[in-house]
Amino acid sequence: MSAPIIVFDLDGTLVDTAPDLLDSLNHCLETVDMEPVKQEDINRIVGFGSRVMIERAFALRRRHLAGNQLDALQAIFLDHYTANVPGHSRPFPGAVDTIERFRTAGYTAAVCTNKLEGMSLSLLEALGLVEHFQAICGGDTFPMRKPDPGHLLRTIAMAGADPQRAVMVGDSRTDIDTAKAAGIPVIAVDFGYTDQHVSAFEPSRVISGFDELTVEMVENLIAATAS
Ligand SMILES: O=C(O)COP(=O)(O)O
Ligand SMILES: [Mg+2]
């Protein structure tokens with residue numbers, strides 16, 4: 001039997017990336033003379049990768065995006081983000097201990113994020129976390145991305161694990177919907193990037209800190225799926 005797997009979302013779950021996403025976004029908005037987006041707007045614009053983030057910033061400012069402007073702005077965003085990584089981004093308190101706790105208990109760990117794969121790898125590399133994960137799958141790794149369950153199922157397959165012995169940990173409705181559609185239990189953190197409290201999306205469990213994420217909790221969730 002393959003090892004059980006714990007799959008983490010990245011932005012807002014494992015790593016607090018909001019300040020750097022905002023910096024890079026505002027750097028790119030500045031090139032088109034747009035007013036910067038504020039920290040409190042981040043929950044409304046993050047979650048579907050950098051293109052959607054730029055589109056949402058334009059919508060927020062009621063500005064029209066011209067034909068090929070999005071490609072050019074995304075390139076500016078990506079250059080700025082990659083040049084500054086890891087910037088101010090740090091793992092949330094207890095995140096690294098949690099990954100280690102599960103690996104010691106025999107779990108495989110993976111990342112399933114809508115952030116582009118290259119950006120995700122640079123960030124995790126800069127934070128010294130890449131080695132923990134058997135697979136790191138971004139929004140452009142497969143032909144589909146969250147909330148399509150295929151993104152999560154293919155991440156699990158890439159890590160050599162079994163979806164019957166898997167759990168997802170995320171911070172947004174997207175993560176919860178993805179896991180549910182894949183038939184996988186999902187633990188939501190309530191400290192990430194969402195404009196509505198995660199409990200509204202009915203995850204299997206809600207936690208307010210990584211110290212609450214025990215191996216026992218995950219074992220019970222996996223056992224309940226199997227039965
Ligand atoms: O960067 C984003 O927009 C989303 O990233 P996440 O899937 O890791 O939350
Ligand atoms: Mg997230």
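Annotation note: of THR174, THR225, THR178, THR194, the sole residue that is open to solvent by 10 Å² or more (accessible area, probe 1.4 Å), in a helix (DSSP H, G or I) and within 15 Å of ligand 1 (Cβ to nearest atom) is THR174. Can you find a residue in region 197-209 that is more than 20 Å from ASP162 (Cα to Cα), more than 16 Å from the chain's Cα centre (by Cα) and touching a residue at least 60 places away in the same chain (Cβ under 8 Å)? Taking every residue of region 197-209 in turn, at least one turns out to be more than 20 Å from ASP162 (Cα to Cα), more than 16 Å from the chain's Cα centre (by Cα) and touching a residue at least 60 places away in the same chain (Cβ under 8 Å).
Inspection of region 3-18 identifies no residue that is farther than 30 Å from VAL218 by Cα and not small (Gly, Ala, Ser). Here ASN220 clears all of (1) part of a loop (DSSP other than H, G, I, E, B); (2) closer than 18 Å to THR98 by Cβ; (3) of a type in the set (S, T, N, Q) except the condition numbered (1). Here PHE92 passes the criteria (1) more than 16 Å from ligand 2 (Cβ to nearest atom); (2) under 23 Å from ILE136 (Cβ atoms) except the one numbered (1). Restricting attention to region 40-72 and to residues that are away from ligand 1 (no atom under 16 Å from the Cβ) and among the aliphatic types (A, V, I, L, M), the residue that is nearest to the chain's Cα centre (by Cα) turns out to be ALA72. Of the residues making up region 8-45, those that are more than 12 Å from ligand 2 (Cβ to nearest atom) and not in a loop (DSSP other than H, G, I, E, B) number 16. Filtering region 46-65 to residues that are out of contact with any Lys or Arg (no Cβ under 9 Å at 6 or more places or on another chain), open to solvent by less than 50 Å² (accessible area, probe 1.4 Å) and away from ligand 2 (no atom under 16 Å from the Cβ) leaves ILE54, PHE58, LEU65.
The values are calculated or read from the model by the stated rules, or taken from the named source; none is laboratory data. Remember, predicted model here, so these are calculated numbers, not experimental data. Counting neighbours? That spans all protein chains shown, and the Cβs are built from the backbone with ideal geometry, glycine included. Protein only, heavy atoms only, side chains kept; ligands, DNA and RNA dropped before computing areas. Shrake-Rupley method; radii C 1.70, N 1.55, O 1.52, S 1.80 Å.
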